[in-house]
Amino acid sequence: MPFCLAAMLAVLQAGAAAGREMPLLSLPQGSVQQDLPESAMNGVRLQVRVLDIAGPIHEVLDDIALQFDPPLQALQHGEGWILVDTAAPGRMVMLSPRSPRTFGVVSSLSGTAAGMSRRPDLPSWLPAGTVQRMTLESDDGRRISTQRVFTHPSLSSGQLARQVFARLAGTGWISTGRTQAASSTWVHDSTEMSLSIVPAAQGSGLMSVMTSPVASWPGSREHVRKR
């Protein structure tokens with residue numbers, strides 16, 4: 001998640017070239033590439049394509065990188081690779097081995113964040129000066145998941161992490177693992193939250209993913225209390 005957050009922040013802070021389409025990739029025979037429906041997050045256009053490549057990762061890595069203009073830069077990530085576009089940071093390809101094949105996801109963020117002129121209500125555990133850049137909410141009927149991206153223009157990732165962790169502890173949140181700037185998990189009553197804090201072009205960036213039961217779901221505490 002830290003790497004994905006860093007790429008997303010690059011787009012939200014600097015913007016990406018609008019209207020750039022992902023190229024149809026030339027893949028080995030027997031491969032499949034499928035575009036997912038486009039979506040928009042606060043005016044940022046998101047394109048995603050799923051790849052099922054007939055061939056091991058080490059044989060297709062360079063060929064895929066060279067099909068983009070300019071060619072993508074390859075960064076090893078665990079057993080897989082992440083290909084990034086240094087000219088338009090919102091573009092990347094994630095590849096992972098599925099012997100003897102390769103699984104991949106191509107994503108492209110374009111445009112600039114819009115509709116953020118109204119100041120949203122920020123969580124009390126965020127320090128002054130924090131700016132919300134994006135929010136995305138999903139509801140599967142049982143749980144509500146809210147993903148939010150924030151930036152702070154003057155605090156480093158380490159400084160932001162120390163202040164956020166102290167404020168979380170002071171407002172009733174309990175850490176469920178090691179509190180590291182790159183990744184931490186928290187719980188408050190029936191709400192769970194994961195945090196990722198990374199350096200940004202200016203200051204630092206934070207992504208929170210908060211999940212809580214839907215009040216009407218029979219397993220939620222709110223529903224039990226009402227009964």
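Read-outs: derived from the displayed coordinates by stated rules, not from any lab. Note that the structure is predicted; figures quoted are calculated from it, not measured. So basically every Cβ, Gly included, is an ideal-geometry build from the backbone, and we count neighbours across all protein chains shown.
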Quick one: which residues, 5 or more positions from SER183 or on another chain, have an amide H under 5 Å from its amide H? H modelled 1.01 Å from N in the peptide plane, none for Pro or chain starts.
ILE197
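By counting other Cβ atoms within 10 Å of each Cβ, how are HIS188, HIS58 ranked from fewest to most?
HIS58, HIS188
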